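Okay, so here's the structure we're looking at.
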Amino acid sequence: EDEDSEESSEEDEDSEESSEEDESEESDESEEDLLHPMKQSVAKSNGFPNTVMNQTSAQSASLLPDPLSIQSSSLLPELLNPSTVQSFPASMQSAPKPKQKIFDDTSDSDSSDDYSDETEDEQPVQKSSLETNLLLGDSAMDMFSSSKPSPQKSNLNALANDLSGLVMTPLVVSNEEPLSPDLERDSSAWFQMVRPELGGGLSVKARYLRGPTKEREAHLLGLDPTSPATICLQVRYQNKRTDMGALRRVRIVQRSISSSGNWVSAKRMALPPELSALEKNKSSTVTLGMSFFSAADRDGSIIAKVEIKCDRGTTAVEIRPPLVEILASLKEGGKKPTIQDFQAGIGKLKGIHQQITGRLDKGALTRNDFNEKLPGILMKHVNMAIVDNTSELNKIYLAARLPLSNNPVFAVVSKPEGKVTVYSDNTIANNSIIESLKKAIVAFSKA
């Protein structure tokens, strides 16, 4: 009986050991069941075939932590270290943590089956982002980031929606083409600044620039091309020494002068660069720009003083632009006045102090080329626009504006009557303009 009792006790111990081994095997199978759906979900989400997933299952399993020992494993700090793990999108970072349950060895097989069923529904979805990042790296993150709309593209779409339906007003342009710079047309007659016998063989001539050519040169010199107080001179050096020597260090130097009640001085001067050497019978042309404090309606009231130097001597020069050179265009933008503008203007200037007439010599206007040659000569001596006049031959009409007051100025040169008439509200300006016209007509008669 004692022997039978000992054998029964040994059989009970063996049955208990076998039950414990069965429970451990069931727990291992539940762990594999826990990981198996996660592997399948990763493979399906990335389009991997089952064969590839089976081949890489050993490698991927080594990268995943043990769910039973995730709290005590040393791999958890490394996975959560920002320097070793790539950053997740905001949607992944805000995902709730997976539920974790502590296995109880004393629980029966039913409880373990319930836990495995619950984790099959929840755990693969929550762990797939971590496993995808570990297996695919940057490609998975790029796929998630590319799905977000670009803020710049959305802003452009919003701007396009705001501008939809708008209609722009048609542009209005002038039919008159602007004049291009023409040096011969936009310049006065040459005048002498330095005589060669007084300048050691250096001859200096100059002429005033007008219109588009003046605007271009003033812009290049850094001056205001639209201001009536801006003057541009084209200066020509020429070596007229009696011997074969060269002129060296030819230059223009500004002299200081203060403004007073009788004249207006130059505020700024754009001097040309120094000419190192000028050989015998050679010439050179430069541009001198001047900007005065203000314009003036009196002849010779603006003044600039310079010195023209070379190795042979120095010559002091006063530059006094005449009133007829600083007259402005009658119409804005340099447009040519019409005969209607001329007739409407002189119709308002019938007073005794608003017009002046000068008689000419009988032989001054007897040339047959009066209508062909005289307008060009007048424009070289007076900065006034020629008004197109096809109805009356042997009469030349001119128009301009005073530079300071902007009052209109008109002039008529009549061949049959042999006289010149100037119309404006400024009597002093009328006298200076008519004298300049007389000199131009005398030059025409002697040519």
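The values are calculated or read from the model by the stated rules, or taken from the named source; none is laboratory data. None of these values were measured; they are calculated from a predicted model. Note that we place each Cβ from the backbone using ideal geometry, even for glycine, and neighbour counts take in every protein chain shown. Heads up: the accessible areas ignore ligands, DNA and RNA and are worked out on the full protein's heavy atoms, side chains in. Shrake-Rupley method; radii C 1.70, N 1.55, O 1.52, S 1.80 Å.
Mind listing just one residue for me: the one in segment 340-369 that is among the acidic types (Asp, Glu) and either in contact with a Leu (Cβ under 8 Å, 6 or more places away or on another chain) or open to solvent by less than 60 Å² (accessible area, probe 1.4 Å) (or both) and, of those, farthest from Ile433 (Cα to Cα)?
Asp369
Restricting attention to segment 310-321, report how many residues are assigned to a strand (DSSP E or B) and not aliphatic (A, V, I, L, M).
5
Can you confirm whether Val264 is closer than 18 Å to Asp224 by Cβ and at pLDDT below 95?
yes
Specify the residue that is modelled with the lowest pLDDT; the eligible residues are those in segment 160-188 that are open to solvent by 40 Å² or more (accessible area, probe 1.4 Å) and small (Gly, Ala, Ser).
So the residue we want is Ser174.
Modelled with pLDDT under 90 and more than 15 Å from Phe342 (Cβ to Cβ): is that true of Ala429 in this structure?
Spelling it out, it is not the case that Ala429 is modelled with pLDDT under 90 and more than 15 Å from Phe342 (Cβ to Cβ).
Each row is one residue, and each column tells you yes or no for (1) among the hydrophobic types (A, V, I, L, M, F, W, C); (2) over 42 Å from the mean Cα position of the chain (by Cα); (3) over 14 Å from Ile441 (Cβ atoms); (4) assigned to a helix (DSSP H, G or I).
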residue	(1), (2), (3), (4)
Gly345	no, yes, yes, yes
Lys350	no, yes, yes, no
Ile356	yes, yes, yes, no
Pro375	no, yes, no, yes
Leu378	yes, yes, no, yes
Asn389	no, yes, yes, no
Ala400	yes, no, yes, no
Leu404	yes, no, yes, no
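What number of residues in segment 223-240 are out of contact with any His (no Cβ under 7 Å at 6 or more places or on another chain) and without any contact (Cβ under 8 Å) to a residue 60 or more places away in the chain?
Residues flagged as out of contact with any His (no Cβ under 7 Å at 6 or more places or on another chain) and without any contact (Cβ under 8 Å) to a residue 60 or more places away in the chain within segment 223-240 amount to 9.
Report the residue count in segment 310-338 for those that are open to solvent by less than 30 Å² (accessible area, probe 1.4 Å) and without any contact (Cβ under 8 Å) to a residue 60 or more places away in the chain.
Residues flagged as open to solvent by less than 30 Å² (accessible area, probe 1.4 Å) and without any contact (Cβ under 8 Å) to a residue 60 or more places away in the chain within segment 310-338 amount to 0.
Whether any residue in segment 241-258 is within 23 Å of Leu183 (Cα to Cα) and touching a Gly at 6+ places or on another chain (Cβ under 9 Å) is what I want to check.
Looking for residues that are within 23 Å of Leu183 (Cα to Cα) and touching a Gly at 6+ places or on another chain (Cβ under 9 Å), one finds none in segment 241-258, hence no.
One line per residue, one yes/no per condition, for (1) farther than 25 Å from Ser329 by Cβ; (2) of a type in the set (Phe, Trp, Tyr):
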| site | (1), (2) |
| --- | --- |
| Leu349 | no, no |
| Val382 | no, no |
| Asn394 | yes, no |
| Leu398 | no, no |
| Lys415 | yes, no |
| Tyr423 | no, yes |
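If you go through segment 240-270, how many residues are assigned to a loop (DSSP other than H, G, I, E, B), among the aliphatic types (A, V, I, L, M) and either within 39 Å of the chain's Cα centre (by Cα) or within 27 Å of Ala218 (Cα to Cα) (or both)?
Final tally of qualifying residues: 1.
For Ser294, only one of the following conditions fails: (1) surrounded by 15 or more Cβ atoms within 10 Å (Cβ to Cβ); (2) assigned to a loop (DSSP other than H, G, I, E, B); (3) at pLDDT 90 or above. What is its number?
Going through the list (1) surrounded by 15 or more Cβ atoms within 10 Å (Cβ to Cβ); (2) assigned to a loop (DSSP other than H, G, I, E, B); (3) at pLDDT 90 or above, Ser294 breaks only (1).
So that you can scan it fast, the table gives a plain yes or no per residue for (1) aliphatic (A, V, I, L, M); (2) open to solvent by 40 Å² or more (accessible area, probe 1.4 Å); (3) more than 28 Å from Asp297 (Cβ to Cβ); (4) modelled with pLDDT of 95 or more:
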{"site": "Gly201", "(1), (2), (3), (4)": "no, no, yes, no"}
{"site": "Thr213", "(1), (2), (3), (4)": "no, no, no, no"}
{"site": "Tyr237", "(1), (2), (3), (4)": "no, no, yes, yes"}
{"site": "Gly245", "(1), (2), (3), (4)": "no, no, yes, no"}
{"site": "Val250", "(1), (2), (3), (4)": "yes, no, yes, yes"}
{"site": "Ser256", "(1), (2), (3), (4)": "no, yes, no, no"}
{"site": "Arg268", "(1), (2), (3), (4)": "no, yes, no, no"}
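Considering only residues that are hydroxyl-bearing (Ser, Thr, Tyr) and outside any strand (DSSP E or B), look in segment 215-235 and name the one that is most open to solvent (accessible area, probe 1.4 Å).
It comes out as Thr226.
Find the residue count for segment 370-428, including only residues that are surrounded by 14 or more Cβ atoms within 10 Å (Cβ to Cβ), among the charged types (D, E, K, R) and free of Cβ contacts under 8 Å to residues at least 24 places away in the same chain.
Result for segment 370-428: 2.
Scan segment 301-309 and give yes if some residue there is outside any strand (DSSP E or B), open to solvent by less than 20 Å² (accessible area, probe 1.4 Å), closer than 14 Å to Ile231 by Cβ and in contact (Cβ under 8 Å) with a residue 24 or more places away in the chain, otherwise no.
Scanning segment 301-309, I find at least one residue that is outside any strand (DSSP E or B), open to solvent by less than 20 Å² (accessible area, probe 1.4 Å), closer than 14 Å to Ile231 by Cβ and in contact (Cβ under 8 Å) with a residue 24 or more places away in the chain, so the answer is yes.
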